[in-house]
Amino acid sequence: MVSKVNTVAFQGIEARPVDVQVMIAPGKMHFSIVGLPDKAVAESRERVQAALHASGLSLPHKRITVNLAPADLPKEGSHYDLPIALGLMAGLGAIPSDVLNDYVVLGELSLDGSLANIVGALPAAIGANARGKGLICPASSGGEAAWADRDMDILSPPSLIALANHFRGTQILSRPLPAISQLTDTLPDMADIKGQETAKRALEIAAAGGHNLLMAGPPGSGKSMLAARLPGILPDLTPGELLEVSMVSSIAGELADGKLTNRRPFRAPHHSATMAAMVGGGVKARPGEVSLAHNGVLFLDEFPEFSPQVLDSLRQPLEAGETTIARANHRITYPSRIQLIAAMNPCRCGMAGEPGHTCKRGDRCATDYQARISGPLLDRIDLRVDVPAVSAMDMIGKTVSESSEEVAKRVLKAQRIQQNRFEEMDADCRLNAHASASLAEVIAVTDLGGEQLLRDAAESMKFSARAYHRILKVGRTIADLDGVATIGRIHLAEAIAYRTAGERLAIAA
Ligand SMILES: Nc1ncnc2c1ncn2[C@@H]1O[C@H](COP(=O)(O)OP(=O)(O)OP(=O)(O)O)[C@@H](O)[C@H]1O
Ligand SMILES: [Mg+2]
């Protein structure tokens, strides 16, 4: 007799249906798992056997074959333990077999029969709901799975015995509640930054339109400080974005206690990050930093210190909003719509462009350092600002800067204008920076003066086609911050000024 249990295999953030078929046949005692299992799945055998034993059930002296179908889909991870165990229990008559049809099952078993945390409960729950089924997952993942749908049937038992008792009707498991983590830590405030008005303005524009930003300046001028203040001026995630972001975190196993958070992701990987850490992949396919920063910010401090290959691997995600990784026999895609914020010193000694300073190695100090960033990558960065050193003298005094709260209000207002505009146009877009080239031309209505300025600038500065569209989009954001419908000369002039790199970046540009 064959018993069947529904489970899933993850491909990117998608949960593909997998059938666990368990056959108990007469013959010499034998237990095998087939259907392209990886090491963790193959080891399932030992955990299942021990967990069943701990739950008072021993395996019969028969031939047990477990098939994971479809056989050509690779199966990774430890979440196949529970479906295999339930399939066996149904085959042995320990639980009714018909009830399992209504559920998608996933969970890792401990040797004592308790259920351990797994990755991917949220995408699995969303997948199960779309197939009209309920979900069985470990207790620790219940809070996360409950977000998939309010009315969905979810069982999140702490152990195999608790689940068996539920099916036998001797113990009732209640539905888990959607869990959200209330982050109480206060974010750093813009008011801490003295001076640096240009950089602050660029940060506000970047936040409002989702544009990429590069800050260049000498050590200690406040670049890292500015970047750390970006999360404080960005609006919270919308419910739709929250689910997208959490699906990636869930697959990466980054949801603490199965709780979701509506704070926008802010990822700041160290410059020693490898390609696999940055874009994903590796032995066990996991989303990389670009995907964990989906719908949020990827901050790369000390930009040229990253390996040039790692930096160039960002080109595809920055343009397409998703990352595709080729695996041995298939490819997987993770969403990665990110806003890139980068900070760098202009040269190795850090002081190029400072009044009165000459680098020991002359111009080569800056050229060699900046050459680590490729032209195409730089072309994708709309806003580039110089962050000059502030003297200690400027620090002394009582000038009060604007707080993050004030700036956040303007950013939110500008974002609402953009969302309304895209909704009216029925465009699948949230911020100006994400608009396609054709959409950018539609939304960027310029006045006569603006058009003339664009013409002049295009002629004298020889913009690339990408640069032209990106300038239009930044101009649109600046006009949105002003709350005006037509982009004027003044808005475009500011956009062009950010595009043409500051003096310190002249070499790289
Ligand atoms: N504009 C500023 N207002 C107030 N404090 C500042 C400012 N700029 C720098 N500081 C002080 O200097 C310290 C260093 O700033 P930060 O780490 O942001 O510099 P950085 O530009 O990232 O330097 P590096 O290039 O070395 O990484 C801050 O912690 C802060 O104390
Ligand atoms: Mg720094």
*Of all residues in segment 241-251, count the ones that are in contact with a Pro (Cβ under 7 Å, 6 or more places away or on another chain) and surrounded by fewer than 19 Cβ atoms within 10 Å (Cβ to Cβ).*
1
*Test residue 351 against the criterion of being within 16 Å of ligand 1 (Cβ to nearest atom) and over 29 Å from the mean Cα position of the chain (by Cα), and give yes or no.*
yes
*asked:* Regarding segment 46-54, can at least one residue be identified that is outside any strand (DSSP E or B), buried (at least 17 other Cβ atoms within 10 Å of the Cβ) and over 39 Å from the mean Cα position of the chain (by Cα)?
replied: yes
*Can you run down the residue pairs with Cβ atoms below 7 Å, 6 or more apart or on separate chains, where the first is in segment 186-205 and on the phi > 0 side of the Ramachandran plot and the partner is in a loop (DSSP other than H, G, I, E, B) and within 11 Å of ligand 1 (Cβ to nearest atom)?*
195/390; 196/222; 196/387; 196/390
*Collect the residues in segment 319-349 that are polar (S, T, N, Q) and assigned to a loop (DSSP other than H, G, I, E, B), keeping them in residue-number order.*
329, 336, 345
*Scan segment 173-199 for residues that are within 16 Å of ligand 2 (Cβ to nearest atom) and not in a loop (DSSP other than H, G, I, E, B) and jot them down.*
192, 199
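Rundown of residues vs (1) touching a residue at least 12 places away in the same chain (Cβ under 8 Å); (2) of a type outside the set (D, E, K, R); (3) more than 27 Å from residue 192 (Cβ to Cβ); (4) in a helix (DSSP H, G or I), yes/no style:
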| position | (1), (2), (3), (4) |
| --- | --- |
| 373 | yes, yes, yes, no |
| 381 | yes, yes, no, no |
| 385 | yes, yes, no, no |
| 399 | yes, yes, no, no |
| 415 | yes, yes, no, yes |
| 438 | no, yes, yes, yes |
| 457 | yes, yes, yes, yes |
| 460 | no, yes, yes, yes |
| 479 | yes, yes, yes, yes |
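Is it fair to say residue 163 is crowded, with 19+ Cβ neighbours inside 10 Å, in the same structural domain as residue 33 (by TED's automatic domain parsing) and part of a strand (DSSP E or B)?
no
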*asked:* Exactly one of these conditions fails for residue 333: (1) within 13 Å of ligand 1 (Cβ to nearest atom); (2) surrounded by 15 or more Cβ atoms within 10 Å (Cβ to Cβ); (3) touching a residue at least 40 places away in the same chain (Cβ under 8 Å). Give me its number.
replied: (1)
*Taking segment 254-306 as the search range and keeping residues that are more than 16 Å from ligand 2 (Cβ to nearest atom) and without any contact (Cβ under 8 Å) to a residue 12 or more places away in the chain, which one is surrounded by the most Cβ atoms within 10 Å (Cβ to Cβ)?*
282
*asked:* Return the pair list, or none, for Cβ contacts closer than 6 Å from residues in segment 162-185 that are more than 13 Å from residue 262 (Cβ to Cβ) to residues that are exposed (fewer than 15 other Cβ atoms within 10 Å of the Cβ), at least 6 apart or on different chains.
replied: 165/171; 167/99
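Name the residue, out of 401, 391, 460, that is hydroxyl-bearing (Ser, Thr, Tyr) and not assigned by TED's automatic domain parsing to the domain that holds residue 202.
None of the other options fit; the residue is 460.
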*Check off (1) within 16 Å of ligand 1 (Cβ to nearest atom); (2) at pLDDT below 85; (3) basic (Lys, Arg) for residue 372 and give me the number that stays unchecked.*
(2)
*Does residue 96 qualify as being of a type outside the set (D, E, K, R), surrounded by fewer than 18 Cβ atoms within 10 Å (Cβ to Cβ) and in contact with a Phe, Trp or Tyr (Cβ under 7 Å, 6 or more places away or on another chain)?*
yes
*Quickly run through segment 307-330 and pick out the residues that are in contact with a Gly (Cβ under 8 Å, 6 or more places away or on another chain) and either surrounded by fewer than 16 Cβ atoms within 10 Å (Cβ to Cβ) or among the basic types (Lys, Arg) (or both).*
327
*Which number in (1) over 19 Å from the mean Cα position of the chain (by Cα); (2) over 30 Å from residue 347 (Cβ atoms) marks the one condition that residue 247 misses?*
(1)
*Can you name every residue in segment 13-45 that is part of a strand (DSSP E or B) and more than 30 Å from residue 246 (Cβ to Cβ)?*
21, 22, 23, 24, 25, 30, 31, 32, 33, 34
_Let me spell it out: the conditions are (1) part of a loop (DSSP other than H, G, I, E, B); (2) in contact with a Pro (Cβ under 8 Å, 6 or more places away or on another chain); (3) among the hydroxyl-bearing types (Ser, Thr, Tyr), and residue 369 meets all of them except one. Which number is the exception?_
(1)
*Restricting attention to segment 337-372, and to residues there that are β-branched (Val, Ile, Thr) and touching a helix residue (DSSP H, G or I) at 6+ places or on another chain (Cβ under 7 Å), which single residue is farthest from ligand 2 (Cβ to nearest atom)?*
338
*Mind checking which residues of segment 55-99 are within 25 Å of residue 27 (Cβ to Cβ) and part of a helix (DSSP H, G or I)?*
81, 83, 84, 85, 86, 87, 88, 89, 90, 91, 92
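The values are calculated or read from the model by the stated rules, or taken from the named source; none is laboratory data. Quick caveat, the model's predicted, so the values are computed rather than measured. Note: ideal-geometry Cβ built from the backbone for every residue, glycine included; neighbour counts use all protein chains shown.
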